[in-house]
1. Using a Förster radius of 56 Å, what is the FRET efficiency between residue 60 and residue 96 based on their Cβ-Cβ separation? Nearest 0.05, please.
2. Rounded to whole Hz and in sequence order, give me ³J(HN,Hα) for the range 72-83 from the Karplus expression 6.51 cos²θ - 1.76 cosθ + 1.60, θ = phi - 60°, writing x for Gly and Pro.
3. Tally up the carbon and sulfur contribution to the accessible surface of the range 423-536 as a whole percent, 1.4 Å probe, everything protein left in place.
4. Could you work out the Rg to Rh ratio of the chain, with Rh taken as the Kirkwood radius (inverse of the mean 1/r over all Cα pairs)?
5. For the range 91-221, rounded, prolate or oblate, judged on the Cα gyration tensor with a ≥ b ≥ c (square roots of eigenvalues), a/c < 1.5 rounded, else prolate if a/b > b/c?
6. On average, how much accessible surface per residue is there in the chain, in Å², for a 1.4 Å probe, leaving out ligands, DNA and RNA?
7. So what is the relative contact order of the chain, in percent, for Cα pairs below 8 Å that sit 6 or more residues apart?
8. Highest mean first, what order results for 297-304, 488-495, 66-73 on Cβ atoms within 10 Å?
Amino acid sequence: MAHSWLTGAPVEGPLPLTGDGVPGELRREVLRDAAVVVVLTVLATAAGIAWELPRSIVGWSASAGVPLDHLVFLLAASHLLMMVFGARRGRQLKAEAAAHRRLEEQLRDRAGRDPLTGLATLTGFLAALDRLARSGTDPDDVAVLLLDIDRFTAVNDTLGHDVGSHLLVAVADRLRAVLPAGAVAARTGGDVFALLVPDAPDGIATTVVAALRRPFAVRDLQLEVDLSAGLAHGLGAGSAELLRRADVARGTAKRQATGVAVYSPELDSFDPGLLALHAELRCAIRDGGLEVHHQPKVRLADGRVTGVEALVRWPHPQLGLLAPDRFIVLAEQTGLIAPLTDVVLRCALADVRAWREQGRRLTVAVNLSARLLHDLELPDRVAAALREERVSPADLELEVTETAAMDDPDRAMTVLGQLRQLGVRLSVDDFGTGHASLAHLSKLPVDTLKIDRSFVAGLGTEPAARAIVRSTVDLGHALGLTVVAEGVETAEQWHQLAAWGCDLAQGWWLARAVPASVVPAVADEVERRVAGLQRPAVAAIVPAQRSLG
Ligand code: C2E
Ligand code: MG
Ligand code: MG
């Protein structure tokens, strides 16, 4: 019986081998010949009896003077020789069959094994997964870990392909060393490695990644690599699906630079339901099915509501009121983000005009997706919207994330420059979560920094968050920017930000996003509340500030 070099488990060969190692076709041929011999023997015996051949042979032997027992001996000797030669031929056939089988195994082995690292190839890995699926292992215990080396091309480009190859071999060796019992390791693509773990222990992904983060001695170099790893559990949906899920998690780990990500359906953009949602979103954009809500921004110095941020909502007939997180990415991936933004922009500007007519002058901020910063026609569309809705460019602000401004910076810079020329204000949204360098930030034509709410949330408890918020306020002011704090959820945060000289605050403690029609009333109410709270709250926070240092 052949044994897998992958798992050591017995495998079926591609040739139908019989129990004693003789190929089935050969056995069938031998059996056919034997059947022919039997049939011929029966026919000859019948003919002999019908024509009385035994009597003729006895008569011939008497007349020719050849004793009958000589004839019997001759017959027996010839049969014996036939048996000896037949057995020898049988052994030869068995040896041929075994050689044939070894060749088959070698070929199969070569197709399933990566010549560089000696690990399994993708073919071998999938075969191992399928075997595991058939083996009766609990499908829920099976896990696949997929990992790749970040910036591996840079290793090849800067240190040469030879070093790149040695690094891959070193990674493979390290993987073998940390492999849990029964696991299978493969190189499924250039710098992509896969582990199949039949009974995955907790923390397997972090253990493997930690092992691979230790330096590799390659030639005279000590190479350290970063990895992105995706873990997926459960063989229930099939081996290809398990591999795909691990790949989705790996993509997430890479995008978010987290090192390791575990698959969950929320990470997965492959969702058949999304196709239907996409068609519905297209209709909602076209038929006015989206709503724009507004969240007030309040000036810390005097508690006045100076503007709002427009946040899109989708009242879905079956799913209820959907937050943008449920459909913005879908719109971005399917070309719907430009028409969606146009709708939000038009609505927001119409709302600004309506509030002005009611005696409330407010600015409005509209979020721009990264993709739109590469749309060279965007400035013209914004100019047309301002003109047609009769709103001053000074009353419009556009929010972009730092990462958006970093992708294809030249093109983004052109679009941002043209928007700024219109007289529109620009702000960097979610500041602190992207990768903008300070040098780059100082070159961006922006007016405002919005400190991400994750830092604001840590104000009371995390010294690092306090330091970041405080220095971002100072940094923004040094660059001549207005600084907005997002996600203000408590009075303490409000007072702390005011003490540090932050300009504006936005957050649920002040007001949530509300429909346009109630914005003036909500703004009045917020201003009243902040004015009323200011004095006692300041007195209350001073000791707390001291104790936090
Ligand atoms: P963002 O631009 O950073 O918007 C602020 C988000 O923080 C809003 O979530 C808001 O409801 C939420 N938020 C405000 N105050 C607080 C608070 O005190 N605590 C907490 N935990 N959250 C608070 P929302 O409306 O779900 O929007 C999420 C994101 O969706 C926005 O983040 C923005 O990036 C995007 N978005 C919203 N509307 C649009 C749009 O029209 N176009 C584009 N491209 N993106 C949009
Ligand atoms: Mg925003
Ligand atoms: Mg934000």
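1. Values: r = 44 Å, r/R0 = 0.78.
Rounded to the nearest 0.05, the efficiency is 0.80.
2. 4, 4, 4, 5, 5, 4, 5, 5, 4, 4, 4, 5
3. Working: 2770 of 4960 Å².
Exposed carbon and sulfur together represent 56 percent of the surface.
4. Details: Rg = 39.3 Å, Rh = 30.4 Å.
Across the chain, the Cα-based Rg/Rh ratio is 1.29.
5. Working: a/c = 2.72, a/b = 1.36, b/c = 1.99.
Note, shape of the range 91-221 comes out oblate.
6. Values: 29000 Å² over 549 residues.
Accessible area per residue, the chain: 53 Å².
7. On the way: 773 pairs, mean separation 49.4, N = 549.
After rounding, I find 9 percent.
8. Highest to lowest by the protection proxy: 488-495, 297-304, 66-73.
The values are calculated or read from the model by the stated rules, or taken from the named source; none is laboratory data. Keep in mind it's a predicted model, so treat the numbers as computed, not measured. Counting neighbours? That spans all protein chains shown, and the Cβs are built from the backbone with ideal geometry, glycine included. Just so you know, the surface numbers come from the protein's heavy atoms only, side chains and all, with ligands and any DNA or RNA stripped out. Shrake-Rupley method; radii C 1.70, N 1.55, O 1.52, S 1.80 Å.
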